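*Asks:* One structure, as structure tokens, below. Some questions next.
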Amino acid sequence: MKRPTIRDLAKAADVSVATVNRVLGGSSAVKRNTQEAVRAAAEAIGFYGLGAIGSRISAARPHFRFGFLLQQPNRVFYRDLAQALRAAALSLRDHDVAVQIEFLDELAPQNIADRIKALGEHCDAIGIVAAVHPLVAQAVETLQATKVPVFALISQLSAVGQINYIGLDNWKVGRTAAWAFEHICKSPGKIATLVGNHRYRCQEMNESGFRSYFREHASNFVLLEAQTTFESGAIAQELTEKLLALHPDLAGLYVAGGGISGALSAIRASGRAGQIVVVGYDLMDTTRQGLIDGSLTFVISHPLARLAEQSMIGMIKACTANSDTVNFTSILPFDIYTRENL
């Protein structure tokens, strides 16, 4: 058979010979859809330069390096988030994005600030999950002064929008959790709350929204003072055991931060699984099993694939924007799970 020519490829792709030549030459003047049409046609007719076309298209894409600073690597949620970020970067067709993901075991503010600045030295934009602290804020300001966009993921770092944010409306999250207690508890009673660390703005807003709902709609419930787990499963287990012992009439437990695995272990060991309404966050192996065995009632979850996708979109826009005063915040809808919709 006669080997397909450039003219044959142009006909198959419904473009001019000049356009094919520009694609083969790696010109960035050709629209992305047209480049892809030429590549598809080359594959369909067995064009000898298919590999070269693919290489030219890839080389013509804008290149970025995005850095992400996440929490401890032993926590399943952050491993899942990292996987979603890598998948989102690979799925981009019009941009070539390399991701650099770091997990922090040491969450001291100075260490976080140092890693933020180090990432910013060789990344086009960075996304971070961090608690609010003056040292962290100072590091973010340093990067922003050098025109490196910074995105807060999961937990906002600024209440007034100076820092881009990709995540949930945590006020609504807290109120939704409260709604669940009001409608699932058989009768009004005591509700305990566990937070990881109030310096995470998301958890502070979760609790605030939670309490505001009860003040407005269900004042006959008794809300116990929130206790801090410091994001530790072991501490959450110990606190839950104490709560169950001190309050045998406990109607519900709201786990508004890290430590859900420990809280569920304590509830299972107490023999009260299914008797106490428990609301927690994010669908993963631990919470999925909790829903199945009845130790967990209701899960509010981040849509990780969408969060990762919006992170990539926002960072690309921030890197290519003509102004550094534009905010690229994206508030995502959250997912809700019970044992019936797993």
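The values are calculated or read from the model by the stated rules, or taken from the named source; none is laboratory data. As the structure is a computational prediction, the values presented were derived from the model and not from experiment. Using ideal geometry, Cβ is built from the backbone for each residue, glycine included, and neighbour counts are taken over all protein chains shown. These area figures cover heavy atoms from the full protein model, side chains too; ligands, DNA and RNA do not enter into them. Shrake-Rupley method; radii C 1.70, N 1.55, O 1.52, S 1.80 Å.
*Asks:* Of the residues Gly262, Gly252, Gly280, Gly258, only one is in contact with a Cys (Cβ under 9 Å, 6 or more places away or on another chain), in contact (Cβ under 8 Å) with a residue 24 or more places away in the chain, of a type outside the set (A, V, I, L, M) and buried (at least 21 other Cβ atoms within 10 Å of the Cβ); which?
*Replies:* Just a single option satisfies the conditions, and that option is Gly252.
*Asks:* For residues in the stretch 258-282 being part of a strand (DSSP E or B) and not aliphatic (A, V, I, L, M), which is nearest to the chain's Cα centre (by Cα)?
*Replies:* Checked the stretch 258-282; the qualifying residue nearest to the chain's Cα centre (by Cα) is Tyr281.
*Asks:* In this structure, does Ala59 turn out to be in contact with a strand residue (DSSP E or B) (Cβ under 9 Å, 6 or more places away or on another chain), assigned to a helix (DSSP H, G or I) and modelled with pLDDT under 85? Please lay out each step first, then the result.
*Replies:* On the way: in contact with a strand residue (DSSP E or B) (Cβ under 9 Å, 6 or more places away or on another chain): yes; assigned to a helix (DSSP H, G or I): yes; modelled with pLDDT under 85: yes.
Yes.
*Asks:* Would you tally the residues in the stretch 289-306 being in contact with a strand residue (DSSP E or B) (Cβ under 9 Å, 6 or more places away or on another chain) and either under 21 Å from Gly120 (Cα atoms) or free of Cβ contacts under 8 Å to residues at least 60 places away in the same chain (or both)?
*Replies:* If we filter the stretch 289-306 for residues that are in contact with a strand residue (DSSP E or B) (Cβ under 9 Å, 6 or more places away or on another chain), which is where we start, we get 290-291, 293-303, 306.
Then keep just the ones that are either under 21 Å from Gly120 (Cα atoms) or free of Cβ contacts under 8 Å to residues at least 60 places away in the same chain (or both); that gives 290-291, 293-296, 299, 301, 303, 306.
Looking only at that region, the number is 10.
*Asks:* Select from the stretch 174-194 the residues that are touching a helix residue (DSSP H, G or I) at 6+ places or on another chain (Cβ under 7 Å), buried (at least 23 other Cβ atoms within 10 Å of the Cβ) and among the hydrophobic types (A, V, I, L, M, F, W, C) and list them in ascending order.
*Replies:* Result: Ala177, Ala178, Ile191, Ala192, Leu194.
*Asks:* If His198 meets every condition in (1) at pLDDT below 95; (2) within 23 Å of the chain's Cα centre (by Cα); (3) under 22 Å from Gln100 (Cβ atoms); (4) not polar (S, T, N, Q) apart from one, which number is that one?
*Replies:* His198 satisfies all of (1) at pLDDT below 95; (2) within 23 Å of the chain's Cα centre (by Cα); (3) under 22 Å from Gln100 (Cβ atoms); (4) not polar (S, T, N, Q) except (3).
*Asks:* Could you identify the single residue in Ala266, Ala251 that is farther than 14 Å from Phe77 by Cβ, of a type in the set (A, V, I, L, M, F, W, C) and in contact with an Asp or Glu (Cβ under 6 Å, 6 or more places away or on another chain)?
*Replies:* Among Ala266, Ala251, only Ala266 is farther than 14 Å from Phe77 by Cβ, of a type in the set (A, V, I, L, M, F, W, C) and in contact with an Asp or Glu (Cβ under 6 Å, 6 or more places away or on another chain).
*Asks:* Checking Val30 against (1) farther than 16 Å from Ser58 by Cβ; (2) open to solvent by less than 70 Å² (accessible area, probe 1.4 Å); (3) assigned to a loop (DSSP other than H, G, I, E, B), which single condition isn't satisfied?
*Replies:* Among (1) farther than 16 Å from Ser58 by Cβ; (2) open to solvent by less than 70 Å² (accessible area, probe 1.4 Å); (3) assigned to a loop (DSSP other than H, G, I, E, B), Val30 violates only (1).
*Asks:* Here is a follow-up. Can you tell me which residues in the stretch 17-27 are on the phi > 0 side of the Ramachandran plot and crowded, with 19+ Cβ neighbours inside 10 Å?
*Replies:* None - no residue of the stretch 17-27 is on the phi > 0 side of the Ramachandran plot and crowded, with 19+ Cβ neighbours inside 10 Å, so the list stays empty.
*Asks:* Within the stretch 159-168, does at least one residue satisfy the condition of being touching a residue at least 40 places away in the same chain (Cβ under 8 Å), open to solvent by less than 60 Å² (accessible area, probe 1.4 Å) and assigned to a helix (DSSP H, G or I)?
*Replies:* Among the residues of the stretch 159-168, not one is touching a residue at least 40 places away in the same chain (Cβ under 8 Å), open to solvent by less than 60 Å² (accessible area, probe 1.4 Å) and assigned to a helix (DSSP H, G or I), which makes the answer no.
*Asks:* For the stretch 320-330, state whether one or more residues are open to solvent by less than 10 Å² (accessible area, probe 1.4 Å) and either charged (D, E, K, R) or modelled with pLDDT of 95 or more (or both). Break it down into steps so the answer makes sense when it comes.
*Replies:* Going through the stretch 320-330, the residues open to solvent by less than 10 Å² (accessible area, probe 1.4 Å) turn out to be none.
Scanning the stretch 320-330, I find no residue that is open to solvent by less than 10 Å² (accessible area, probe 1.4 Å) and either charged (D, E, K, R) or modelled with pLDDT of 95 or more (or both), so the answer is no.
*Asks:* Would you point out which residue out of Val132, Val148 is aliphatic (A, V, I, L, M), in contact (Cβ under 8 Å) with a residue 24 or more places away in the chain, assigned to a loop (DSSP other than H, G, I, E, B) and open to solvent by 20 Å² or more (accessible area, probe 1.4 Å)?
*Replies:* Val132
*Asks:* Against the conditions (1) within 19 Å of the chain's Cα centre (by Cα); (2) within 30 Å of Asn197 (Cα to Cα), where does Leu92 fall short? Just the number, please.
*Replies:* Checking Leu92 against (1) within 19 Å of the chain's Cα centre (by Cα); (2) within 30 Å of Asn197 (Cα to Cα), the one that fails is (2).
*Asks:* Would you point out which residue out of Gly127, Gly167 is under 20 Å from the mean Cα position of the chain (by Cα) and farther than 18 Å from Glu204 by Cα?
*Replies:* Only one candidate qualifies: Gly127.
*Asks:* Among Pro73, Pro62, which is the only one that is closer than 18 Å to Ala318 by Cβ and loosely packed, with under 15 Cβ neighbours inside 10 Å? Steps first, answer last, please.
*Replies:* Values: Pro73 fails: closer than 18 Å to Ala318 by Cβ.
None of the others qualify; the one that does is Pro62.
*Asks:* If the requirement is being farther than 22 Å from Tyr165 by Cα, of a type outside the set (Ser, Thr, Tyr) and open to solvent by 30 Å² or more (accessible area, probe 1.4 Å), which of these qualifies: Arg79, Arg56, Arg115?
*Replies:* Arg56
*Asks:* Another question, then. Check off (1) out of contact with any His (no Cβ under 9 Å at 6 or more places or on another chain); (2) modelled with pLDDT of 90 or more; (3) closer than 30 Å to Ala152 by Cβ; (4) loosely packed, with under 15 Cβ neighbours inside 10 Å for Asp14 and give me the number that stays unchecked.
*Replies:* Of (1) out of contact with any His (no Cβ under 9 Å at 6 or more places or on another chain); (2) modelled with pLDDT of 90 or more; (3) closer than 30 Å to Ala152 by Cβ; (4) loosely packed, with under 15 Cβ neighbours inside 10 Å, only one is false for Asp14: (3).
*Asks:* I need the full set of residues from the stretch 222-241 which are touching a residue at least 40 places away in the same chain (Cβ under 8 Å) and either open to solvent by 20 Å² or more (accessible area, probe 1.4 Å) or assigned to a strand (DSSP E or B) (or both), in order please.
*Replies:* Selection gives Glu231, Leu239.
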